[in-house]
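The values are calculated or read from the model by the stated rules, or taken from the named source; none is laboratory data. As the structure is a computational prediction, the values presented were derived from the model and not from experiment. Every residue, glycine as well, gets a Cβ built from its backbone with ideal geometry; the counts of neighbours run over all protein chains shown.
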Amino acid sequence: MDKYPLKKYPIVGACGLNCGLCPRYYTEGTSRCPGCCGPDFWQKMPGCGFITCCIKKRGLETCAECGDWEECERVARLLDLAKYQDSFLSHRPLAANFAFIQKNGIEEFARLEMEKQKLLRHLIDNYNEGRSKSFYCTSCQLIPLNKLREALVDVETELTEATDIKEKAKLVRGAISNIADALQIDLRLRK
C-alpha cells in the first residue's frame, strides 16, 4: 500500500461524509479541499484515523465497506456525533450513507453523489450571489435530488434574462427552503 494513496472516489469520505458536497470542495484557491485522499490531499490535509485504518491499512474506499465497521469504536463515535453536530457539512446523513453503501455498493453511491454534485455546480455557477454556496451544499446533501430538481424547474420558469443574480438567488433559496420546510428538513448546520 502506498504511503499516500489516492482514492477512486474522493467525493466520498472514508468516514462516509459527502466530501463532494462540502463548501471547501468548491473553494477557489489553495484552501480548496480535494476530497478524501484526492489529488494533493496529503499536501493540504492532516492525517485522519479513518484514512489510516480504512484506506492505508485495508485498501477500502470507505468504512462502510469494512466487515468490522459495526464493532469499530471510531465509527460508533462518529455516528453518535452525527446525531447532534456538524462541521463544514452536515453529518446527519452518515448512517444512511453507510446503509446505502452496504446495500448498493460504493459505485452506486458515488454515481448518485456525482448527480448531486452536478446539480450543486449548477446552483453555484448560476445562483450564487456570493453568500449562498454553503446553503446550496447543505441543501444538496439533505434534500432528495428529485425534490431539488423540482424546486429548481419551478423557479427557472419564472426567471428572465433581466433577473439579477441577487433576485435569482433569493428565488432559488426560497424554493429550496419551501421544499425543506415541507419535508421537515432543517438546513442549518449544527455547531
>> Which of the helices (runs of 4 or more DSSP H) found entirely inside the stretch 43-132 contain at least 2 residues meeting this: of a type in the set (Lys, Arg)?
In response: 73-81, 106-127
> Would a scan of the stretch 7-21 turn up a residue that is surrounded by fewer than 19 Cβ atoms within 10 Å (Cβ to Cβ), closer than 16 Å to residue 107 by Cα and touching an Asp or Glu at 6+ places or on another chain (Cβ under 8 Å)?
Replying inline: yes
> If we scan the stretch 153-162, do we find a residue that is under 14 Å from residue 18 (Cβ atoms), among the small types (Gly, Ala, Ser) and out of contact with any His (no Cβ under 7 Å at 6 or more places or on another chain)?
Replying inline: no
> Taking the condition over 17 Å from residue 19 (Cα atoms) and among the charged types (D, E, K, R), does residue 173 pass?
Replying inline: yes
>> Which residue is nearest to residue 78 (Cα to Cα), if the candidates are limited to the stretch 25-41 and must be buried (at least 17 other Cβ atoms within 10 Å of the Cβ) and not small (Gly, Ala, Ser)?
In response: 36
> Restricted to the stretch 153-173, and to residues that are assigned to a helix (DSSP H, G or I) and modelled with pLDDT under 95, which residue is nearest to residue 110 (Cα to Cα)?
Replying inline: 153
>> Being modelled with pLDDT of 95 or more and in a helix (DSSP H, G or I) is true for just one of 185, 176. Which residue is that?
In response: 176
> Would you say residue 88 is touching a residue at least 24 places away in the same chain (Cβ under 8 Å), surrounded by 13 or more Cβ atoms within 10 Å (Cβ to Cβ), among the aromatic types (Phe, Trp, Tyr) and touching a Pro at 6+ places or on another chain (Cβ under 8 Å)?
Replying inline: yes
> Condition test on residue 14, is it modelled with pLDDT of 90 or more, part of a loop (DSSP other than H, G, I, E, B), within 26 Å of residue 140 (Cα to Cα) and of a type in the set (Gly, Ala, Ser)?
Replying inline: yes
